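A short reminder: the numbers here are calculations on the coordinates, not readings from a lab. What you see is a predicted model, and the numbers here were worked out from it, not measured in a lab. Cβ: placed from backbone, ideal geometry, glycine included. Neighbour counts: every protein chain shown.
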Amino acid sequence: MAETKGAAARRAAHGRNARTPELIELYARMVTIREAEKSCGALFAAGEIPGFIHLSDGQEGVSVGVMASLRADDTIASTHRGHGHALAKGLGLDGFFRELMGKADGACKGRGGSMYVADLSVGMLGANGIVGGGVAIALGSGLAQKLRGGDGLAICFFGDGALAEGIVHESLNIAQLKRIPILFVCENNGWSEFSPTSTQVTFTLEKLAAAYGIPYFGADGSDVETVAELAADVVDRVRRERGPAVLEFATTRIRGHYEGDSQRYRKDKAPPVDPLLVARARLDERGIPAPDIEAIEAGIRAEVQRAVDAARLSPDPTLESAAAEVYAPAETTA
Amino acid sequence: MAETKGAAARRAAHGRNARTPELIELYARMVTIREAEKSCGALFAAGEIPGFIHLSDGQEGVSVGVMASLRADDTIASTHRGHGHALAKGLGLDGFFRELMGKADGACKGRGGSMYVADLSVGMLGANGIVGGGVAIALGSGLAQKLRGGDGLAICFFGDGALAEGIVHESLNIAQLKRIPILFVCENNGWSEFSPTSTQVTFTLEKLAAAYGIPYFGADGSDVETVAELAADVVDRVRRERGPAVLEFATTRIRGHYEGDSQRYRKDKAPPVDPLLVARARLDERGIPAPDIEAIEAGIRAEVQRAVDAARLSPDPTLESAAAEVYAPAETTA
Amino acid sequence: MSDLRFAHAINRALDDAMASDPGVLLLGEDIANAGGTFAVTRGLLDKYGADRVIDMPIAENAIAGMAVGLALGGFKPVIEIMFMDFMTLTMDALVNQAAKLHFMFGGQSAVPMVVRTQHGGGLNAGPQHSQCLEAWFAHIPGLKVVVPSTLDDAYALLRGAIDDPNPVVFIENKALYPMKGVLSDDVTATPLGKARIARAGSDVTIVSYGAMVHQAMAAADQLAGEGVSAEVIDLRTVQPWDEAAVLASLAKTHRLVVAHEAVEAFGVGAEIAARMAQIGFDELDGPIMRVGAPFMPVPFGRGLEVDYMPTARQIVEAVRATDV
Amino acid sequence: MSDLRFAHAINRALDDAMASDPGVLLLGEDIANAGGTFAVTRGLLDKYGADRVIDMPIAENAIAGMAVGLALGGFKPVIEIMFMDFMTLTMDALVNQAAKLHFMFGGQSAVPMVVRTQHGGGLNAGPQHSQCLEAWFAHIPGLKVVVPSTLDDAYALLRGAIDDPNPVVFIENKALYPMKGVLSDDVTATPLGKARIARAGSDVTIVSYGAMVHQAMAAADQLAGEGVSAEVIDLRTVQPWDEAAVLASLAKTHRLVVAHEAVEAFGVGAEIAARMAQIGFDELDGPIMRVGAPFMPVPFGRGLEVDYMPTARQIVEAVRATDV
Ligand SMILES: Cc1ncc(C[n+]2csc(CCOP(=O)(O)OP(=O)(O)O)c2C)c(N)n1
Ligand SMILES: Cc1ncc(C[n+]2csc(CCOP(=O)(O)OP(=O)(O)O)c2C)c(N)n1
Ligand SMILES: [Mg+2]
Ligand SMILES: [Mg+2]
């Protein structure tokens, strides 16, 4: 697990990277995801969210830490476990809940739901129901960033299980060959559905990236500051060098593969490392008063509850309006 | 390019590997392929062979050297450039020419032609019109070898350009994960159709194999003895260890990508390294009388000519007989 | 006779096939330890071991390609592709390789393999987890395509598919998995290609397959109340499909409706209708009507999906529309 | 007016589209330096540079997926998949991603991209290099499918496809590439979805597309000699297809034949026939006949392939068979 020189130097000098947001801000963003997903779990259990949902509890540090360095014109392609990515990239809670509840004013007008949630206005190119499906889309988006000029970049998130899919390898090769400004971010939670990924993938991403000659960086994904600092450096590098890099974070999938998964197969009985608890303990250490933190948490909870309540009142979409958008009309382009 | 210890030791002791056939025999097999393909080229130019044909001139050392260690129950899956593999594995000249000329008594009854030539009775699972298409088939065949018990193995041949296809990576992972007795043989001729593979693939197979933890061996493919010795060791290893290995040979594609390709794009003006000339020079060195060699060559030429003449007289297939074999009848299994 | 669910009938077919033929192997993602995402393969790992019930990494094209190699190597692999939407990743292995080898190699070898997958909506799984793509495979010479609708057929046709020396795409409808029913004691492997008359009738023929057969039966019930006697044909196998059975029914009823859950346009129903508009033309007393999903991706939202799914009511209306 | 070949018309369409819109990019295997396996993209690298004419490694699924990302990023990628048979490797990107994003994201963005590929037999390219798979794509909501038959249409429809804000599969027939003809001076982009009456007639309607249109014209010639006036409709776009034009012709002729090179069963012709057996039923004076390839992989051998390919003669016979 290489570490950028810049990050090490900065840590030595200042204790933390001045370019990344304050920890309290990162913490608040993680709490937003956690609270939103808690509500998702409850709404799912109550039958108010239909379909399949994959919660990212335990992985918020990656979403928040990586997205802290991105701009709205940077693009990301996500996975089936995409709530955290979407919210951290800027999808609002209203569009989010309304989408998951299948409402007409959801981010995708209730046609996609959890596995396909997207907000192109903030550069979020969609969760994806296909493992590896977003990787090549991000690659194309990265090529668009390059051809447009400027210093934008694309990111694809993917899980450790996705490493078995050919598309990831095709994309690594092309990214390096064509010098595409794309950051491959692997959220390694050790699981591929109900199977330990060690039974599915025989290589490490670090060695693989080395074979491709793509710079690789890895870190503990449950420490949001570490993630943010490393990501800031690596994002910066991709912006400047206009070529790919790989980032891998060790994370914990706290809940089941999807909601409703009893996780009986799970043998790793050690308590999960929770990025929220890690950050919270550090805030305490740094002397941030508990009531201040609790006020932030309460505010987020209220905001989430408000969004949920509003989503409940939102109208259902009609089949006619859906039917009208199977094809884009001629004027949509240009 | 690692070399097996055994091969080095044997070379030191005996000058050559006693388990591999005499050079004169290897040479004769290469001449058979070369002469057969020469006829293919002529028949193609004359319109007697239709379709697309991809000749393997320059790569005979790999086909002959690798196949020297295989048994009939070992299986191989080949590529679009599969003539050499097929003939070396044991497909007869009659079945070969009749197939390429589309005759009813061709190896595949004239339904496949050059790109799909196969002879399951000698473990040749087919050339393949899809780049990478044979790799997973060989993987399954290797798993069959493993599950059947015994010490059989499967081989997939593929070109350097195929390294860009996801299926190759999926297969490497599964081969190692499931410990499948399969030998991945890359014929690296530096070209992927009309493009130098250096513009298409950003990694070396050696480094890639290392990432997967799969033993890798490489050698000069234009020296048939080197190929045969190395292959003997590696095949042996796969037989014993019941797990995958990777072999890569540097070769030269002497002719165009396909017949009719003028190769105007080709900048590598150095004369190709021809495995037949290499072997022939060594036979001279070793004092094999030229007339003996020429007699062998003449015999092969006559044999090829006889097969071509016979193929010309062979009957054309009928659509009815083809239509009758779209599906296997129930009694074919078990 | 045992009271089971649809998923259990499939499990039992796999179990019995594995017990009777040591060459039958299962490969798929999370099918062994986890027993399958829809629990269809539960218990088989314990019974047959990890050499025959094989958990695979997420690499659908390689899994399908391996099945071809295993089939050529004398085994009868049954692979599971978790959702039919993921079959998009297996198309080279199935279409260019599995489907063609027997023909293309001049009949040298059969390719006995089965791809089990599931299709269909009703679970709000969204556009990439609900598609019915069977028409693609039915268009490919060399493949067979089976879509069972009942427990007995799930068992009998899966046994038949495993016995068949050709590559078979065996499609389960996800909404049927929990369906309770009875598995007959005497059910055995059924050769592929024979339709089943699910309900005899004389006024109109309703051809269907898979989950939609149940809608067709409901429609027939309703029509009976209106004095219309509908014959319901369950195709069971859509490639090859039982043209003779459909034609015989049409010759009796002179009116035809074809219904499936897949998108109507360019779906399986198009072939059946087109064929009958040729060979059954003289029998037809009215237009051939089709019932299928509208031309859009399967939408996620609850109400949207309900409105999207073809229903018994639409079949009834289609039957009325055949009566010009 | 210039005397050109079919391949040149496509080249010119690409050239003009790139000249008029800097967002148009080409990606594909050996399309830049080598100018394409069939020389269709020759000269474009020199004219537009390596940033816009991009040689890609052999990785079809990634190429197609990248096109989606480029389209979302404001470009209009035109990718080349060398043989339609290799589209099997792009199905996830095209079907699960490209086709669905506009709908599935609630209309947030269009996905303007074109996949150029070529299909068809006649070159003895064998089972994995000759397939006509357009029916697959026509079945997928969100995709458009175009198959031109003339030089003018190759130009006009490709310009139309590039202008279209949706993912379009643009299919060239490999046997047409060397076809000589005239490219009209005034040819411009044509919106997709409109059929062309290739020959007016009054006794029977022959619907076709792509290379088979030329067989249909030859059949019409022969029929004229027998006193039968055939109207030949060139669909040009098979998704969406011009239902109104076919119905209008049928209302005039009352007899219908649909012909294509693809395998007949479950092919594009099935949808057209099925639809007319519904909405055109009252107009029909005889069975709807289809002409397509037999249900087998495209065989390699010269005589085999000739016998396999559907011909004008078969169309003539089909026309006769509509007259019961
Ligand atoms: C192509 C494809 N194959 C299989 C699946 C089913 N599936 C969904 S998530 C998943 C496991 C993914 O593991 P990983 O990539 O590590 O992501 P994680 O769930 O751990 O976040 C699988 C197999 C799918 N959605 N797409
Ligand atoms: C999936 C697929 N994509 C593209 C092609 C077209 N094609 C045939 S051979 C070839 C180059 C293969 O290069 P390599 O693997 O190095 O083999 P070589 O021709 O050098 O023997 C390509 C692109 C194909 N046959 N299949
Ligand atoms: Mg994981
Ligand atoms: Mg090569």
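Structure remark: mean-square fluctuation, Gaussian network model of chain A, C-alpha springs under 10 Å; the largest value among A:K269, A:K178, A:K89 belongs to A:K269. Give me the net charge of C:I197's neighbourhood, meaning all other residues with Cβ under 9 Å from the Cβ of C:I197; Lys, Arg count +1, Asp, Glu -1. For residues surrounding C:I197, the net value is 0. Sorted largest first, the principal axis extents computed over the alpha-carbon atoms of chain B equal 54, 53, 41 Å. Scattering from region D:96-169 was approximated by placing one identical point on each alpha carbon and applying the Debye formula without solvent; log10 I(q)/I(0) at 0.12 1/Å stands at -0.40. Under the criterion of Cα pairs below 8 Å and six or more residues apart, the relative contact order for chain C equals 16 percent. Per-residue mean of foreign Cβ neighbours for C:286-297 is 6 (Cβ atoms of other chains, 10 Å radius).
Taking N as the residue count of region C:8-121, its C-alpha radius of gyration divided by 2.2 N^0.38 Å amounts to 1.03. Note on region B:184-259: Cα-Cα pairs beyond 15 Å make up 60% of the total pair count. The protection proxy used here, the mean number of other Cβ atoms lying within 10 Å of each residue, ranks peptides C:277-287, D:227-237 as follows, highest first: D:227-237, C:277-287. Shape descriptor for region A:103-204: Rg over Rh equals 1.02 (Cα atoms; Rh from the Kirkwood inverse mean 1/r).
Sort the following peptides by mean Cβ neighbour count (other Cβ atoms within 10 Å, averaged over residues), highest first: B:145-153, A:23-31.
The packing order, highest mean first, is A:23-31, B:145-153.
Shape index of region C:177-238: Rg/Rh, with Rg the Cα radius of gyration and Rh the Kirkwood radius from the inverse mean 1/r over Cα pairs, equals 1.02.
Using equal-weight Cα scatterers in the Debye expression, the normalised intensity of chain C in log10 at q = 0.08, 0.14 Å⁻¹ is -0.35, -1.06.
Would you please give the FRET efficiency between A:D268 and B:K267, computed as 1/(1 + (r/R0)^6) with r the Cβ-Cβ distance and R0 = 56 Å, to the nearest 0.05?
The computed FRET efficiency comes out at 0.50.
From Cα pairs below 8 angstrom and at least 6 apart in sequence, can you work out the relative contact order of region D:237-308, rounded to a whole percent? This gives 36 percent for region D:237-308. Under a Gaussian network description of chain C, with springs only between Cα atoms under 10 Å, the residue in C:V146, C:V40, C:V238 that fluctuates furthest is C:V40.
Between the Cα long axis of helix D:60-72 and the first principal axis of chain D there is an angle of about 80°, rounded to the nearest 10. Inter-copy label distances at B:D316, shortest first and taken from points set 7 Å along Cα to Cβ: 6.4 nm.
Inter-copy label distances at A:R282, shortest first and taken from points set 7 Å along Cα to Cβ: 6.2 nm.
Can you return the lysines within cross-link range of D:K144? Criterion is Cα-Cα under 21 Å, with same-chain partners fewer than 8 residues away left out. The qualifying lysines are D:K76, D:K100, D:K174, D:K194. Debye-formula intensities of region B:195-326, expressed as log10 I(q)/I(0) at q = 0.16, 0.17, 0.20 Å⁻¹, are -1.12, -1.12, -1.17 (one equal scatterer per alpha-carbon, no solvent). Label-point spacing for D:V182 across the identical copies (point 7 Å from Cα in the Cβ direction), in nm and ascending order: 7.5.
Based on alpha-carbon atoms, the Kirkwood radius and the radius of gyration of the protein assembly as shown give Rg/Rh equal to 0.96.
Helix D:6-20 versus the longest principal axis of chain D: what angle, 0 to 90°, nearest 10, using Cα atoms? The answer is roughly 40 degrees. Peptide A:122-129 has a mean of 5 when you count, residue by residue, the C-beta atoms of other protein chains within 10 Å of its C-beta. Just so you know, the Cα atoms of region B:40-179 work out to an Rg and Dmax of 15.1, 49 Å. Shielding by partners for peptide B:142-150, expressed as the average number of C-beta atoms from other protein chains within 10 Å of each residue's C-beta, is 5. Chain A comes nearest to the axis taking it onto chain B at the Cβ of one residue; that residue and its distance, in whole Å, are A:G166, 1. For B:K38, which lysines qualify as cross-link partners when the Cα separation must be under 23 Å and same-chain residues fewer than eight apart are set aside? B:K38 reaches B:K89, B:K103, B:K109, B:K269. Projecting the alpha carbon convex hull of region D:118-219 along each direction and taking the average yields 7.8 nm². Taking a span of 18 Å or more along the helix axis (Cα atoms) and a mean Kyte-Doolittle hydropathy of at least -1.0 as the rule, the DSSP H helices of chain B that qualify are B:23-45, B:133-148, B:224-241, B:290-313. Can you tell me which of B:G102, B:G134, B:G287 moves the most in a GNM of chain B? Springs connect C-alpha atoms under 10 Å apart. In this elastic network of chain B, the residue with the biggest mean-square fluctuation among B:G102, B:G134, B:G287 is B:G287.
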